Amino acid sequence: MTDAPQGNKLNDSEQEIERLERIITALMDRAERSLDSQGSDFGLFQTTLALEQTVAQRTLELENAVAANDKINRDLLRLTQTLRQEIQVRQEAEALRAGQYAILEKIAATAPLEEVLASLAIWTEQQDAKSMAEVRRFSWTVLCCNPQARS
């Protein structure tokens, strides 16, 4: 009779061991899933940091490119203005020369040859002086407005 209670005790003990083993297995599975989940979260965190760094770097590169583009546009605007001024000065000088030639032709038609030649000599000297003044003024304008022309 004593064998029956011991058999039950062994059987109960074996069942208890099996139950505890199942509990241990379930806890280990839960712990592994938790670690996998944390690992995934950490991986996402690392990926997010890497992407933020890439975005910051590209933003800085873009800002530098925009600043360089703005500088080029300002330089082009200055150069365009300088060239327009030069064209205007040349057009005005050409208009003056055309008008002066017309006046000289009228004088030549009405005045004796000596007077025309004397007037022409005086006019030529005046034109040379005016041309030199225009060249100086334009050169000064270019040097003041375009720092690259100085070098």
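Restricting attention to the range 76-125, the residues that are of a type in the set (Lys, Arg) and modelled with pLDDT of 85 or more add up to 3.
Val66 falls short of the stated requirement of being under 30 Å from Glu125 (Cα atoms), modelled with pLDDT of 90 or more and either surrounded by 10 or more Cβ atoms within 10 Å (Cβ to Cβ) or out of contact with any strand residue (DSSP E or B) (no Cβ under 9 Å at 6 or more places or on another chain) (or both).
The values are calculated or read from the model by the stated rules, or taken from the named source; none is laboratory data. These numbers come from a predicted model, not from an experiment. As a convention, Cβ positions derive from the backbone with ideal geometry for all residues, glycine included, and neighbour counts pool all protein chains shown.
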